[in-house]
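See below for the structure under consideration.
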Amino acid sequence: MASSSTGRCRWRVVLLRQPNREEEYEPPRRYCNHGMVAWRWTMWTDGNPGRRFYGYPLYNQDRACGFFSWHDNEFGERANTVIKELLDDIDKLYDENCNLRRAKHGQRLGKDIDAIHGELRKLKRRNELYDRELRKGKNKFKVAMTLLSFTCVWLCVLYLKI
Ligand SMILES: [Zn+2]
């Protein structure tokens, strides 16, 4: 399967790794330099995958006051490596799942096309039958017309003789 066709699947995994945020979390509440309730975010950088921190609701925008405070202690190098490997595994599974679904969809399409071809063949056969019937009818009509004209001629001859 072409890797370029897995774009949509990748998008979902990227979403999963966006810095997701929690507006509600267990106390104590943290407040930023503005006195606003700080949200809790999850970092998904290579250096801190899955590590949570507190930040102003718009921490990643221009209006942020710069408030930043970690919630989790540093995970350590080994933990970070394991988390990244697990995320890679999720990526692979998403891709596999996506490709399997595409293949299944392709099979279904193939079956539909086969069914359409079958119907088309049936219609053609019926068409041929109608055509033959029509030709038979035309022939019968010709025979009838010929017989009728012979009868007319014969009657005229008889009439003239009488
Ligand atoms: Zn602030």
**Request:** Identify all residues within segment 123-162 that are open to solvent by 100 Å² or more (accessible area, probe 1.4 Å) and either of a type in the set (D, E, K, R) or under 36 Å from the mean Cα position of the chain (by Cα) (or both); write none if there are none.
**Result:** LYS124, ARG125, ARG126, GLU128, ARG132, GLU133, ARG135, LYS136, LYS138, LYS140, LYS142, LYS161
**Prompt:** How about segment 62-106: which of its residues are within 16 Å of the ligand (Cβ to nearest atom) and exposed (fewer than 11 other Cβ atoms within 10 Å of the Cβ)?
**Reply:** ASP62, ARG63, GLY66
**Message:** Could you check segment 28-47 and list, in sequence order, the residues that are within 16 Å of the ligand (Cβ to nearest atom), closer than 24 Å to PHE75 by Cβ and in a strand (DSSP E or B)?
**Reply:** TRP39, ARG40, TRP41
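The values are calculated or read from the model by the stated rules, or taken from the named source; none is laboratory data. The structure presented is a predicted model; accordingly, all values stated were derived computationally and were not measured. Here the Cβ is made from the backbone with ideal geometry for all residues, glycine too, and neighbour counts use every protein chain on show. For accessibility, only protein heavy atoms count, side chains too; no ligands or nucleic acids. Shrake-Rupley method; radii C 1.70, N 1.55, O 1.52, S 1.80 Å.
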